[in-house]
C-alpha cells in the first residue's frame with residue numbers, strides 16, 4: 001500500500017513537471033501575441049477607453065468563442081475581423097489563457113446609478129455568475145466600462161448584435177435600466 005502511494009506521488013510530480021513548462025510557454029506565447037491587442041484593450045487587458053472591453057480576467061472559453069466568431073464572421077466588427085482572421089487556433093487559445101489569467105479590474109461608475117443597478121442585477125447573475133465574474137461561455141461583466149456595456153446592451157436590444165437570450169433580455173430593459181445595470185457592473 002505504501003509503495004502505491006509513493007508511486008502515485010512520483011507520477012503526479014513528474015506529470016506536473018512536464019505540464020508546467022508547457023503552460024508557461026502558452027502564457028508567454030499569449031503575452032507575446034497580446035502586443036497586437038494593446039492599442040485598444042490596454043496593457044494586460046485593462047482598456048483605457050470605454051469603447052473597448054477590458055479583457056483582464058475575462059472567461060477563457062468566452063474569449064475563444066468570441067475570437068472564433070470574429071474569425072468566421074459570425075460576429076461582425078470591422079476592427080476585430082481582420083485581426084482574428086490571422087489568428088491560428090493556438091494563437092486564440094494562448095490569448096484566451098493569457099487574458100483570463102490577468103487580475104480583474106474595475107472601471108468604476110456612478111455610485112448612485114450603480115446602487116440602482118444592483119437591485120436589478122439578479123436577472124443577469126444566473127448566467128454571468130453570482131459576482132458577475134463570468135461563467136464559462138458567459139462573459140465577465142464585473143469591471144467592464146459602463147459605456148461599453150451600455151453600447152453592447154443597446155446592440156442586443158436593436159438586434160445588431162445577435163444572441164437570442166440576450167436580445168430577449170435587453171429588449172425588456174428601459175434606457176434607465178441599461179444605464180443602471182452598466183454602472184453597477186462597472187463598479188465591481
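The values are calculated or read from the model by the stated rules, or taken from the named source; none is laboratory data. What you see is a predicted model; the values in this text were computed from it and never measured. Note that we place each Cβ from the backbone using ideal geometry, even for glycine, and neighbour counts take in every protein chain shown.
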**Q.** Matching residues in the range 146-162 - criterion: being surrounded by 12 or more Cβ atoms within 10 Å (Cβ to Cβ) and either assigned by TED's automatic domain parsing to the domain that holds residue 55 or more than 22 Å from residue 49 (Cα to Cα) (or both)
**A.** 157, 162
Q: Collect the residues in the range 21-49 that are in contact with a helix residue (DSSP H, G or I) (Cβ under 6 Å, 6 or more places away or on another chain), under 16 Å from residue 79 (Cβ atoms) and at pLDDT below 95, keeping them in residue-number order.
A: 34
Q.
Tell me whether the range 90-102 contains one or more residues that are modelled with pLDDT of 95 or more, touching a strand residue (DSSP E or B) at 6+ places or on another chain (Cβ under 9 Å) and in the same structural domain as residue 26 (by TED's automatic domain parsing).
A. no
(Q) Just checking, does the range 176-187 include any residue being within 18 Å of the chain's Cα centre (by Cα), in a loop (DSSP other than H, G, I, E, B) and crowded, with 16+ Cβ neighbours inside 10 Å? (A) no
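A quick yes/no check of all residues on (1) touching a residue at least 60 places away in the same chain (Cβ under 8 Å); (2) closer than 27 Å to residue 162 by Cβ; (3) not assigned by TED's automatic domain parsing to the domain that holds residue 145:
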{"position": "26", "(1), (2), (3)": "yes, no, yes"}
{"position": "29", "(1), (2), (3)": "yes, no, yes"}
{"position": "48", "(1), (2), (3)": "no, no, yes"}
{"position": "55", "(1), (2), (3)": "no, yes, yes"}
{"position": "59", "(1), (2), (3)": "yes, yes, yes"}
{"position": "63", "(1), (2), (3)": "no, yes, yes"}
{"position": "69", "(1), (2), (3)": "no, yes, yes"}
Q) Based on what the data block shows, is residue 131 buried (at least 18 other Cβ atoms within 10 Å of the Cβ) and under 30 Å from residue 97 (Cα atoms)? A) no
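Picking from 57, 107, 96, 114, which residue would you name as being surrounded by 14 or more Cβ atoms within 10 Å (Cβ to Cβ), within 18 Å of residue 185 (Cβ to Cβ) and within 11 Å of the chain's Cα centre (by Cα)? Give the steps one after another, and end with the answer.
On the way: 107 fails: within 11 Å of the chain's Cα centre (by Cα); 96 fails: within 18 Å of residue 185 (Cβ to Cβ); 114 fails: within 11 Å of the chain's Cα centre (by Cα).
Unique residue meeting the criteria: 57.
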